[in-house]
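Trainee: Here you go, one structure.
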2 protein chains.
Amino acid sequence: MKTLDVNLGARSYTILVGGRALTRAAAVVEPLGFETAPIIITNRTVFELHGGSLLDGLKRFGPSAIVEIGDGERFKSHQTLFKLYREMLRIRADRRSWILSLGGGVVGDIAGFAAATFMRGIRFVNAPTTLLAQVDSSVGGKVGINVPEGKNLVGAFHQPSAVLSDVSTLGTLPDRELGAGLFEVVKTAAIWSEPFVGYLERSLPRILERKANALEHVVVEACRVKAEVVSKDEREQSLRMILNFGHTVGHALEAATAYRRFKHGEAVGWGMLAALAFGRTLGRMDDRSVARLGRLISRVAPLPSLRGIGIEGVWTALCRDKKFRSGGIRMAMLSAIGRCEIVTDVDPDELRRFLVSFLASPGAYFAPGDLR
Amino acid sequence: MKTLDVNLGARSYTILVGGRALTRAAAVVEPLGFETAPIIITNRTVFELHGGSLLDGLKRFGPSAIVEIGDGERFKSHQTLFKLYREMLRIRADRRSWILSLGGGVVGDIAGFAAATFMRGIRFVNAPTTLLAQVDSSVGGKVGINVPEGKNLVGAFHQPSAVLSDVSTLGTLPDRELGAGLFEVVKTAAIWSEPFVGYLERSLPRILERKANALEHVVVEACRVKAEVVSKDEREQSLRMILNFGHTVGHALEAATAYRRFKHGEAVGWGMLAALAFGRTLGRMDDRSVARLGRLISRVAPLPSLRGIGIEGVWTALCRDKKFRSGGIRMAMLSAIGRCEIVTDVDPDELRRFLVSFLASPGAYFAPGDLR
């Protein structure tokens with residue numbers, strides 16, 4: 001078990017990472033001085049698998065209220081949010097109440113947003129149960145819901161009071177979900193830490209076998225990078241944008257396929273490959289580094305094919321997502337492994353031309369065998 | 001025209017108060033460096049009266065988008081909120097967009113909450129057009145919406161980037177609305193400043209005649225007090241609770257009459273009278289001060305009668321609103337004019353007995369002629 005502190009002044013908090021983080025929840029929750037048992041927001045599948053450990057870890061707080069929401073991205077809606085508020089009022093929640101979210105990113109995002117806005121903000125503890133949520137959405141305080149026009153368009157910054165990342169929950173995660181989370185891990189390493197990229201290259205087989213100490217290391221290191229970035233730029237004014245590496249094209253691919261073909265992490269996998277290939281085209285990165293990251297990305301998990309995705313859908317989504325600023329598109333790009341910068345003057349025509357070619361044959365940008 | 005600075009560190013802002021604050025909007029808005037014209041959120045009645053002045057004051061920003069919501073408390077709902085989000089997306093609002101709310105507390109609260117949560121927070125400027133909104137809801141950053149279970153139960157703290165309090169808009173305010181706002185002004189004076197109470201006693205006739213410089217003085221002084229309190233306790237951890245003077249019983253009266261009989265300010269008027277009379281019963285305040293404030297409150301405006309309001313409805317609402325903390329009820333009470341404290345150990349039985357008697361004959365607690 002390891003702990004990691006996220007330094008955000010008065011909003012600092014501790015992440016507990018390890019194979020027994022849920023049953024040992026009290027270690028980080030007790031010092032927070034809650035006067036009541038939590039309101040646990042979760043979904044049925046996750047609660048059946050991991051609810052027992054969590055209730056064990058929290059038994060000294062007395063009986064918790066358990067509120068289940070539907071399983072899946074479509075439940076990250078304002079309908080679910082308002083059901084949550086009303087359920088909380090029904091069970092007489094007040095400003096001293098606290099929310100504990102047990103689940104993946106959907107549960108954490110909506111439960112966190114409910115916490116941010118219920119009676120103008122109550123505390124919440126996040127217990128993420130997917131790799132993606134453990135390495136990404138649990139650090140940084142971004143919470144929110146989707147609206148029909150797009151994902152996460154309504155939300156807030158609301159830091160958790162603690163995070164419980166129990167890597168034993170990853171044992172029951174479908175392979176595809178694990179892979180999707182690992183793409184975000186690769187992103188985190190790629191933008192900040194060459195040694196972490198090296199670790200991933202060496203340890204990928206043990207990570208994919210879900211060895212507890214390999215997973216623990218991955219979660220701690222990814223959270224450490226994200227915490228460092230976020231603590232320097234909590235409200236995403238500048239530096240934090242490097243966390244969007246791979247997301248410009250990634251988001252556009254998700255939107256162009258109506259969020260059906262790709263898991264978010266998979267879209268980011270493709271988005272990173274595109275950003276790397278485009279970066280090399282612009283002479284921003286050397287061939288060797290591009291090939292090295294391409295190889296790592298392709299070893300993580302198979303990526304759903306780009307077949308049939310036309311430039312028009314991708315381009316429309318990209319332009320809607322990224323507002324042009326006086327002529328240029330803003331995009332996170334690597335200058336080396338472990339070094340990312342925000343390029344603000346990407347020429348739209350050049351990017352569009354590149355994407356036409358990349359969508360048609362992404363393999364052409366990498367050496368044979370580099371992409372599976 | 002006067003300006004007042006609200007000091008909240010990085011969230012500090014300026015309030016412009018005066019008879020031409022709308023047409024001179026650029027003076028405080030220009031330095032904020034917005035890149036776009038505002039999205040003006042308003043209602044039809046207000047916009048017809050004052051939209052022209054505002055558009056005049058903002059013309060150098062180019063054409064504004066105007067989004068109208070319904071007029072009245074029932075529109076401070078999540079249905080309206082989601083219509084706002086979708087309308088903003090339809091007109092391609094993004095993180096650089098800003099909201100300008102033109103209207104009373106309903107418009108300011110919901111527009112402010114939309115700003116707090118749209119794409120995790122965009123900036124907003126508040127142009128309150130009622131006395132209540134100018135002296136109360138425009139300072140302090142409380143924004144939110146109602147749910148069927150109660151008012152303001154969903155919300156956030158989101159400070160405006162500037163406030164434009166144009167007292168000429170008060171010229172068209174119905175008498176009853178002006179009175180409702182003045183009760184909150186009396187509250188502000190009573191908890192913080194004996195000289196301000198003295199000013200109100202002397203100047204009430206000129207205020208009720210809506211003389212511009214009297215209104216300007218009232219708004220500036222009330223905002224100054226509130227800004228001082230809020231800057232010491234932005235998130236309502238302690239001191240800020242004194243702003244709830246008169247609200248314990250006031251909220252309960254509003255809820256017990258289904259928000260139909262009283263304007264909020266009127267309920268606060270009764271709530272202050274109750275808190276004063278109860279305070280004297282407890283020996284917390286001298287007869288003379290109680291009589292003096294009772295007289296001022298009764299001069300402000302006629303209060304709707306308490307007739308037919310039973311203790312059960314009031315008590316249920318009060319207990320739901322104020323959670324008992326280990327036996328005692330928490331309540332803001334005066335110890336002298338200009339001095340308020342949070343009493344945490346009010347005996348529920350004693351308060352209930354007092355309320356039975358007060359509801360039956362409030363006049364018995366004040367000298368003949370003190371209450372109209």
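The values are calculated or read from the model by the stated rules, or taken from the named source; none is laboratory data. These figures come from a predicted structure and were not determined experimentally. All Cβ positions, even for glycine, are placed from backbone atoms using ideal geometry, and neighbour counts span all protein chains on display. The accessibility values were calculated without ligands, DNA or RNA, using every heavy atom of the protein model including side chains. Shrake-Rupley method; radii C 1.70, N 1.55, O 1.52, S 1.80 Å.
Trainee: Any idea which residue in segment B:143-161 is surrounded by the most Cβ atoms within 10 Å (Cβ to Cβ), counting only those that are within 7 Å of chain A (Cβ to nearest Cβ) and over 13 Å from B:A111 (Cβ atoms)?
Mentor: B:V154
Trainee: Right, another one. Residue under question is B:S335, and the condition is that it be within 22 Å of the chain's Cα centre (by Cα), hydroxyl-bearing (S, T, Y) and under 28 Å from B:S193 (Cα atoms); does it hold?
Mentor: In short, no.
Trainee: May I pose another question? Consider A:S137 against the criteria (1) of a type outside the set (V, I, T); (2) touching a residue at least 60 places away in the same chain (Cβ under 8 Å); (3) more than 10 Å from chain B (Cβ to nearest Cβ): it satisfies all of them except one. Which criterion is unmet?
Mentor: Every listed condition holds for A:S137 apart from (2).
Trainee: Look at B:L306 and say whether it is at pLDDT 95 or above, closer than 25 Å to B:E221 by Cβ and surrounded by 14 or more Cβ atoms within 10 Å (Cβ to Cβ).
Mentor: Against the criterion (at pLDDT 95 or above, closer than 25 Å to B:E221 by Cβ and surrounded by 14 or more Cβ atoms within 10 Å (Cβ to Cβ)), B:L306 does not qualify.
Trainee: Do you know which of the residues in segment A:216-245 that are within 14 Å of chain B (Cβ to nearest Cβ) and of a type in the set (K, R) is least open to solvent (accessible area, probe 1.4 Å)?
Mentor: Once the filter is applied, the top-ranked residue is A:R240.
Trainee: While we're on this one: Just to verify a result, which residue in segment A:351-370, among those that are in a helix (DSSP H, G or I) and without any contact (Cβ under 8 Å) to a residue 60 or more places away in the chain, is surrounded by the most Cβ atoms within 10 Å (Cβ to Cβ)?
Mentor: Filtering segment A:351-370 for residues that are in a helix (DSSP H, G or I) and without any contact (Cβ under 8 Å) to a residue 60 or more places away in the chain, the one surrounded by the most Cβ atoms within 10 Å (Cβ to Cβ) comes out as A:L359.
Trainee: If you don't mind, there's one more thing I want to ask. Touching a Pro at 6+ places or on another chain (Cβ under 8 Å), assigned to a helix (DSSP H, G or I) and among the charged types (D, E, K, R): is that true of A:E266 in this structure?
Mentor: yes
Trainee: A follow-up question, please. Restricting attention to segment A:53-84, report how many residues are free of Cβ contacts under 8 Å to residues at least 40 places away in the same chain, buried (at least 16 other Cβ atoms within 10 Å of the Cβ) and of a type in the set (K, R).
Mentor: The qualifying residues number 1.
Trainee: Is it the case that segment A:330-339 has a residue that's under 23 Å from B:M119 (Cα atoms), in contact (Cβ under 8 Å) with a residue 60 or more places away in the chain and open to solvent by 20 Å² or more (accessible area, probe 1.4 Å)?
Mentor: yes
Trainee: Of all residues in segment A:116-134, count the ones that are open to solvent by less than 20 Å² (accessible area, probe 1.4 Å) and either more than 11 Å from chain B (Cβ to nearest Cβ) or farther than 18 Å from B:G155 by Cα (or both).
Mentor: Qualifying residue count for the region: 10.
Trainee: Separate question: Any residue that is of a type in the set (A, V, I, L, M, F, W, C), touching a His at 6+ places or on another chain (Cβ under 8 Å) and not in a loop (DSSP other than H, G, I, E, B) - is there at least one of those in segment A:301-319?
Mentor: The answer is yes, given that some residue of segment A:301-319 is of a type in the set (A, V, I, L, M, F, W, C), touching a His at 6+ places or on another chain (Cβ under 8 Å) and not in a loop (DSSP other than H, G, I, E, B).
Trainee: Report yes if some residue within segment A:171-188 is of a type in the set (F, W, Y) and away from every other protein chain (no Cβ under 14 Å); otherwise report no.
Mentor: Looking for residues that are of a type in the set (F, W, Y) and away from every other protein chain (no Cβ under 14 Å), one finds at least one in segment A:171-188, hence yes.
Trainee: Got a sec? Which strands (runs of 3 or more DSSP E) wholly within segment A:1-106 have at least 1 residues that are more than 30 Å from B:K151 (Cβ to Cβ)?
Mentor: A:2-6, A:13-18, A:39-43, A:98-103
Okay, residues lined up against (1) assigned to a strand (DSSP E or B); (2) more than 21 Å from A:E68 (Cα to Cα):
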position	(1), (2)
A:G108	no, no
A:F113	no, no
A:A127	yes, no
A:Q134	no, no
A:I145	yes, no
A:P160	no, no
A:L164	yes, no
A:R176	no, yes
A:A180	no, yes
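Trainee: I need the full set of residues from segment B:284-325 which are over 30 Å from A:T36 (Cα atoms) and touching a Pro at 6+ places or on another chain (Cβ under 8 Å), in order please.
Mentor: B:L306
Trainee: Name the residues in segment B:9-37 that are in contact (Cβ under 8 Å) with a residue 40 or more places away in the chain, open to solvent by 60 Å² or more (accessible area, probe 1.4 Å) and over 22 Å from B:V167 (Cα atoms), would you?
Mentor: The answer is B:R11, B:E35.
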